[in-house]
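K.L.:
Let me give you the structure first, and then I'll get to my questions.
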Amino acid sequence: MNSPTFSQVPAFDSERAFKHLEDQCALGPRNPGSIGHQKCKTWLIEQLESHGGNVSLQSFTGNDPHAGQSRSLTNIIARFGDADKPQLMLCAHWDTRPVADRERDPLRRAQPILGANDGASGVAVLLEIARIISVNPPDKSVIIVFFDGEDLGRESHPEEYALGARYFALHPPPDLPLPSEAVLLDMIGDADLEIPIEWYSGRHASSLRRTLWSIASEIGSTAFVDAPGPAIEDDHVPLIKAGIPAVDLIDFDYPFWHTLHDTPDKCSSSSLGQVGRVLVEYIYH
């Protein structure tokens with residue numbers, strides 16, 4: 001096993017990450033209550049454990065306003081490294097939207113989406129990072145959290161979204177020290193990836209945000225755009241309210257958002273690689 005001190009940062013395998021994206025989509029839509037959701041939960045736990053993650057689950061109930069019923073939800077938490085070291089939290093949502101409410105055809109809007117970008121992309125990058133840190137333990141503790149129930153809400157009802165992150169922020173695991181910082185990945189697989197500075201991230205986690213964009217500039221990750229973006233009510237907002245500086249890496253300018261066309265062919269291994277390399281640089285330097 002390599003020493004925690006590196007002359008070179010471990011390589012991020014973008015093709016392996018893209019395979020993780022495809023594997024999730026092969027399970028079908030992963031909206032809570034579906035067969036795909038059940039299969040994906042089992043698969044994610046197996047993947048994290050295979051990389052030596054200390055996996056724990058947060059089970060809770062959330063409301064699905066589209067179906068008018070409650071759903072059993074699960075946050076999946078994997079810990080890597082010594083808890084006494086500085087703790088970095090990396091997170092993404094693993095559920096997909098139960099309705100394609102942005103479809104042009106009204107008859108198709110009740111169908112669940114595949115969520116290649118909106119769901120699978122962030123998870124794919126973090127699974128590759130889990131593999132990297134299992135082989136090359138960094139000099140910090142890394143916590144990977146896959147939030148459930150992020151995309152159950154109705155438009156114009158922000159309180160119905162980010163259920164997993166809200167639950168985590170209100171009920172932190174008693175044996176998990178509060179992370180010193182967090183990075184959220186959401187919709188980072190777009191083949192035409194451009195990640196501006198999300199408003200809450202720039203305001204409440206400015207130091208971390210500047211560091212990530214500086215790394216991106218140094219290594220040539222051109223997807224990180226040094227320009228202000230919109231304020232997005234995403235999973236990082238409950239973390240910020242809980243006192244965890246959190247940056248949301250998200251490209252919200254995605255024409256296939258919440259449609260049945262959010263499929264792997266709209267995504268790119270290169271985009272996953274740009275984000276993954278920035279995070280790996282940050283972890284090891």
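The values are calculated or read from the model by the stated rules, or taken from the named source; none is laboratory data. No experiment lies behind these values; they were computed from the predicted model shown. In this analysis, Cβ positions are derived from the backbone assuming ideal geometry, glycine residues included, and neighbour counts consider all displayed protein chains.
K.L.:
Within region 99-127, work out how many residues are surrounded by fewer than 24 Cβ atoms within 10 Å (Cβ to Cβ) and under 21 Å from the mean Cα position of the chain (by Cα).
P.N.:
Counting residues in region 99-127 that are surrounded by fewer than 24 Cβ atoms within 10 Å (Cβ to Cβ) and under 21 Å from the mean Cα position of the chain (by Cα) gives 3.
K.L.:
Would you check which residues across region 38-56 are farther than 18 Å from residue 81 by Cα, touching a helix residue (DSSP H, G or I) at 6+ places or on another chain (Cβ under 8 Å) and either not in a helix (DSSP H, G or I) or not aromatic (Phe, Trp, Tyr) (or both) and list them?
P.N.:
40, 44
K.L.:
Is it the case that region 79-87 has a residue that's buried (at least 17 other Cβ atoms within 10 Å of the Cβ), charged (D, E, K, R) and within 30 Å of residue 253 (Cβ to Cβ)?
P.N.:
no
K.L.:
So is residue 156 over 27 Å from residue 71 (Cα atoms) and among the polar types (S, T, N, Q) or not?
P.N.:
It is false that residue 156 is over 27 Å from residue 71 (Cα atoms) and among the polar types (S, T, N, Q).
K.L.:
Oh, and also: Please pick out the residue among 23, 13 that is touching a helix residue (DSSP H, G or I) at 6+ places or on another chain (Cβ under 7 Å), of a type in the set (D, E, K, R) and surrounded by fewer than 20 Cβ atoms within 10 Å (Cβ to Cβ).
P.N.:
Only one candidate qualifies: 13.
K.L.:
Would you mind finding the one in 28, 53, 33 that is buried (at least 21 other Cβ atoms within 10 Å of the Cβ) and not β-branched (Val, Ile, Thr)?
P.N.:
Unique residue meeting the criteria: 53.
K.L.:
Determine, yes or no, whether residue 248 is assigned to a strand (DSSP E or B), under 23 Å from residue 74 (Cβ atoms), in contact with a Phe, Trp or Tyr (Cβ under 8 Å, 6 or more places away or on another chain) and not small (Gly, Ala, Ser).
P.N.:
When the stated conditions are applied, residue 248 passes them.
K.L.:
Starting from region 117-143, take each residue that is within 17 Å of residue 77 (Cα to Cα) and list its partners that are polar (S, T, N, Q) and modelled with pLDDT of 95 or more, counting only C-beta distances under 6 angstrom and pairs at least six apart or across chains.
P.N.:
119/96; 120/24; 127/47
K.L.:
Moving to a separate point now. Residue check: is residue 95 in a loop (DSSP other than H, G, I, E, B), surrounded by fewer than 17 Cβ atoms within 10 Å (Cβ to Cβ) and touching a strand residue (DSSP E or B) at 6+ places or on another chain (Cβ under 9 Å)?
P.N.:
no
Yes or no, residue by residue, for (1) hydroxyl-bearing (Ser, Thr, Tyr); (2) buried (at least 16 other Cβ atoms within 10 Å of the Cβ); (3) part of a strand (DSSP E or B):
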| position | (1), (2), (3) |
| --- | --- |
| 213 | no, yes, no |
| 233 | no, no, no |
| 243 | no, no, no |
| 252 | no, yes, no |
| 259 | yes, yes, no |
| 280 | no, yes, no |
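K.L.:
Would you confirm, using the coordinates I've provided, whether residue 74 is under 18 Å from the mean Cα position of the chain (by Cα) and either part of a strand (DSSP E or B) or among the acidic types (Asp, Glu) (or both)?
P.N.:
In short, yes.
K.L.:
Looking at this structure, is residue 165 assigned to a helix (DSSP H, G or I), touching a residue at least 12 places away in the same chain (Cβ under 8 Å) and in contact with a Gly (Cβ under 7 Å, 6 or more places away or on another chain)?
P.N.:
no
K.L.:
Follow-up question, since we're still on this one. Just need a number here: residues in region 138-178 that are on the phi > 0 side of the Ramachandran plot and more than 19 Å from the chain's Cα centre (by Cα).
P.N.:
1
K.L.:
Let me ask something else about it. Looking at region 251-278, I want the residues that are without any contact (Cβ under 8 Å) to a residue 12 or more places away in the chain and have a partner that is part of a helix (DSSP H, G or I) and surrounded by fewer than 20 Cβ atoms within 10 Å (Cβ to Cβ) with Cβ atoms under 9 Å, at least 6 apart or on another chain. Which pairs are those?
P.N.:
Pairs found: 255/266.
K.L.:
Among (1) of a type outside the set (Asp, Glu); (2) under 29 Å from residue 218 (Cα atoms); (3) in contact with a helix residue (DSSP H, G or I) (Cβ under 9 Å, 6 or more places away or on another chain); (4) assigned to a loop (DSSP other than H, G, I, E, B), there is one condition residue 239 misses while meeting the rest; what is its number?
P.N.:
Single failed check for residue 239: (4).
K.L.:
Another one. Those residues that are within 19 Å of residue 126 (Cβ to Cβ), surrounded by fewer than 16 Cβ atoms within 10 Å (Cβ to Cβ) and out of contact with any strand residue (DSSP E or B) (no Cβ under 6 Å at 6 or more places or on another chain), I need them from region 173-188; list them, please.
P.N.:
The one that is within 19 Å of residue 126 (Cβ to Cβ), surrounded by fewer than 16 Cβ atoms within 10 Å (Cβ to Cβ) and out of contact with any strand residue (DSSP E or B) (no Cβ under 6 Å at 6 or more places or on another chain): 173.
K.L.:
Next question, about the same structure. When the residues of region 193-211 are filtered to those that are assigned to a helix (DSSP H, G or I) and of a type outside the set (S, T, N, Q), which remaining residue is farthest from residue 181 (Cα to Cα)?
P.N.:
199
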